[in-house]
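Before we start, here is the structure in question, set down as structure tokens.
Coordinate-derived values only; no laboratory data. Computed from a predicted structure; not experimentally measured. Ideal geometry is used to build each Cβ from the backbone, glycine not excepted, and the neighbour counts take in all protein chains shown.
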């Protein structure tokens, strides 16, 4: 069977895109590897109508709603290769099965490159976060630690003062210039230059000199990379942003490869569930328009 659209990635952006296409009665195949970026978080915030819901519950409800449409096909699995051209794409699965489609939509998400600090990975999404709009309110204006990963961390620390008293740990990777130092001081951000050696308990920072400091929560600004190499293997151009690398798209979310589109965290910044859903909905509509107007349906 040749599908109208193959969506690689069944997360929030991918499902939002698929919904628009299904409502246009198009044959849509969603292939999902089951690795949503926010799988470590207990609750999701800032998404209208689902504020405070568990990420698993949001995803399960969305999938149930997609399943009501007869033109949906869903495969749980990993795509190992994508190839072809506009109107004649194919994707290969790990078990050797090949699927064909007229359009490809990459909604594969990103990988977070976290600081190499003991105990940080285990607390990612639980007491260590990247988005204050998603998790800042729940910290009840308690003490907040910001562990630097690069130049963007100074900006992150300044913003975090809206949610509590902030300490910026430069951690050997950030030396704010005079202007940034003045602004950090003006906003009341404390600056700690001793390296962070570990995160313990809920959000206790242990420094290399043996000192410790307790916080309500910690924030980092990880560098992001596409979670899958498939788009790059197909020939889609990538671009660097202050947050990392993403797939380059135009206003319609089409990549540099005609007929191949991308949406969600892998194709835009900043990142959140609500922004991913909105971007997916836009991309789904644009993919449908390409099927209607670029070629005979």
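Using only the C-alpha atoms of the stretch 20-71, find the volume of their convex hull and express it per residue in Å³.
Working: hull volume 4.7 nm³, N = 52.
For the stretch 20-71, the hull spanned by Cα atoms encloses 90 Å³ per residue.
With N denoting the number of residues in the stretch 12-111, provide Rg(C-alpha) divided by 2.2 N^0.38 Å, to two decimal places.
On the way: Rg = 14.6 Å, N = 100, 2.2 N^0.38 = 12.7 Å.
So the stretch 12-111 has a normalised radius of gyration of 1.15.
If one computes P(r) from the Cα atoms of the stretch 117-172, what percent of pairs lie at distances over 17 Å? Intermediate values should be presented prior to the final figure.
Details: 517 of 1540 pairs.
When every Cα pair of the stretch 117-172 is considered, 34 percent fall beyond 17 Å.
Which part of the stretch 119-150 falls in the paramagnetic zone of residue 42, meaning amide N under 16 Å from the point 7 Å along Cα-to-beta-carbon?
Residues 122-129, 135-140 fall inside that zone.
How big is the shadow of the Cα convex hull of the stretch 67-165, averaged over all directions, in nm²?
Numbers: hull surface 43.5 nm².
Seen from a random direction, the Cα hull of the stretch 67-165 projects 10.9 nm² on average.
Each label point is 7 Å from the Cα along the Cα-to-Cβ direction; what then is the distance between the points at residue 88 and residue 73, in nm?
Between residue 88 and residue 73, the label points sit 1.9 nm apart.
How high is the relative contact order of the stretch 224-297, in percent, counting Cα pairs under 8 Å that sit 6 or more residues apart?
Working: 86 pairs, mean separation 16.5, N = 74.
With pairs under 8 Å counted, the relative contact order is 22 percent.
Below 8 Å, C-alpha to C-alpha, sequence gap of six or more: please give me the relative contact order for the chain in percent. Mind showing how you got there, number by number?
Values: 646 pairs, mean separation 65.2, N = 297.
Computed value for the chain: 22 percent relative contact order.
Work out Dmax and Rg for the stretch 139-297 from the C-alpha atoms and quote the Rg first, both in angstrom.
20.3, 68
Determine the calculated [θ] at 222 nm for the chain from helices alone, applying -39500 (n - 2.57) to every DSSP H run no shorter than 4 residues and normalising by the residue count; nearest 500 deg cm²/dmol.
Working: 8 runs with 72 residues, N = 297.
Computed mean residue ellipticity for the chain: -7000 deg cm²/dmol.
For a Förster distance of 51 Å, can you work out the FRET efficiency between the beta-carbons of residue 175 and residue 248, rounded to the nearest 0.05?
Working: r = 31 Å, r/R0 = 0.61.
Using R0 = 51 Å, I get an efficiency of 0.95.
Oh, and also: Can you pull the one-decimal nm distance between simple spin-label points at residue 187 and residue 53, each 7 Å off the Cα toward Cβ?
Result: 3.2 nm between the two label points.
May I ask for the Rg/Rh ratio of the chain, computed from Cα atoms with Rh as the Kirkwood radius, given to two decimals? Walk me through the numbers on the way to the answer.
Working: Rg = 20.9 Å, Rh = 20.3 Å.
Answer for the chain: 1.03.
Sorted from largest down, what three extents in whole angstroms do the Cα atoms of the stretch 115-220 have along their principal axes?
So the three principal-axis extents are 34, 31, 20 Å.
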